[in-house]
Amino acid sequence: MFTRPFLVALALVACLATPPSVAQATEEPSAAVEEVPAGAEPLMRALRIDALVDLIRQEGIGYAADLERDMFPGRGGADWLEMVGEIYDTGRMTTIVQEGLGSDLDPAEMTELTEFFTSSRGQEIVELEIGARRAMMDPAVEEASAVMLDRMRADGDGRLELLEDFATVNDLVEMNVTGALNANYAFYSGLNAAGAFDRPMGEDDMVRDVWAQEGAIRSKTDTWVFSYLALAYQPLSEEDLRAYVELCASEPGRQLNANLFTAFGEMFRTLSYELGLSAARFMAGEDL
């Protein structure tokens, strides 16, 4: 199971903190959320969280067809799609992100970040990121972006060095690999909790199976991340891209992105666990 790097198309995505290890993702995701922190809503709007969440919903519903084909062919149909649609509820998804967005940010930091992302430079960055993620939902665009990346590498394109600095400073590949492993573990946990396996899997068995996917996930993630960066920031000036890196390296930027990664990580663990629970019912042929 490979999910797209789930934070790569988000403003400030590049500065997120390292997520919990797979071994820490052993508890069922919590559905509890708190009120949106005061002052967070303007930043939510500037970052266009609603648009990103909607794209993630579209990706999830598209991925559901792959799950049905691979795990219970011909037994899902409209009931499966309806169940997946309920899981990918944008209101709930947005609330989970909102809950984590403003925590640990003081008002001055919130103001600084909001000012950056409501500026013309910040809004261009956000629009480019959202647009690239939307475009790469098309396999042809994703493939073309990978070809463009290969060409940049073959030509020694100077722009690539700046993109690599951007990714390295923010540990993009590692964060997304770990996030994918956590999401996969949650999916396994949902399947296991619903009795999808002939014999229940122990925690060590699930962790071992998930880690066996690490190499393939890392390879796909590396390609996706750099293809995405090449596509998203192609129209962006070097000056603006460097300013973005500087923001990410600042204390407010690092804290915000740590919050965002935690929030999106929780959201994806919740979705993945519930997908596992639901898929197990169709695998067993239960009446709905």
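Values quoted throughout were computed directly from the atomic coordinates according to the rules given, and no laboratory measurement underlies them. Model, not experiment: these values are computed from the prediction. So basically every Cβ, Gly included, is an ideal-geometry build from the backbone, and we count neighbours across all protein chains shown.
Two numbers describe the Cα atoms of the stretch 37-283: Rg and Dmax, which are 19.3, 57 Å.
Among residues other than LEU256 with Cβ under 12 Å from its Cβ, the summed charge is -4 (Lys and Arg +1, Asp and Glu -1). Contact order, relative form, for the chain: 41 percent (alpha carbon pairs under 8 Å, 6 or more residues apart, mean separation divided by residue count). Considering only chymotrypsin sites (Phe, Trp or Tyr not before Pro) in DSSP loops that have at most 16 other Cβ atoms within 10 Å, the longest stretch of the chain without any of them is 3-196. A simple spin-label model places the labels of ASP66 and ARG208 2.7 nm from each other, with each point 7 Å out along Cα-to-Cβ. Working note: Karplus 6.51/-1.76/1.60 with θ = phi - 60° gives the stretch 48-65 the couplings 6, 4, 4, 5, 5, 4, 4, 5, 5, 4, 4, 4, x, 5, x, 5, 4, 5 Hz, where Gly and Pro are set to x. Its Cα gyration tensor gives the stretch 203-288 an equivalent ellipsoid. The semi-axes, each the square root of 5 times an eigenvalue, are 36, 17, 15 Å from largest down. In this label model, GLN234 and ARG199 are separated by 5.2 nm, measuring between points 7 Å along each Cα→Cβ vector. Candidates LEU160, ILE125, MET137 compared by Cα position along the dipole of the stretch 118-162: farthest toward the positive end lies ILE125, with charges placed on Cβ. Taking the chain as a Gaussian network of alpha-carbon nodes connected by springs under 10 Å, the highest mean-square fluctuation of the residues ARG269, ARG218, ARG199 belongs to ARG199. Between the helical axis of 238-249 and the longest alpha-carbon principal axis of the chain there is an angle of about 60 degrees. Using Cβ point charges alone (K and R +1, D and E -1), the dipole size of the stretch 37-283 about the Cα centre works out to roughly 600 debye. Looking only at GluC sites (Glu not before Pro) in DSSP loops with at most 12 other Cβ atoms within 10 Å, what is the longest site-free stretch of the chain? Formally, the longest exposed-site-free interval is 36-285.
Report, in degrees rounded to the nearest 10, the 0 to 90 angle that the Cα long axis of helix 158-170 makes with the longest principal axis of the chain. Rounded to the nearest ten degrees, it is 60.
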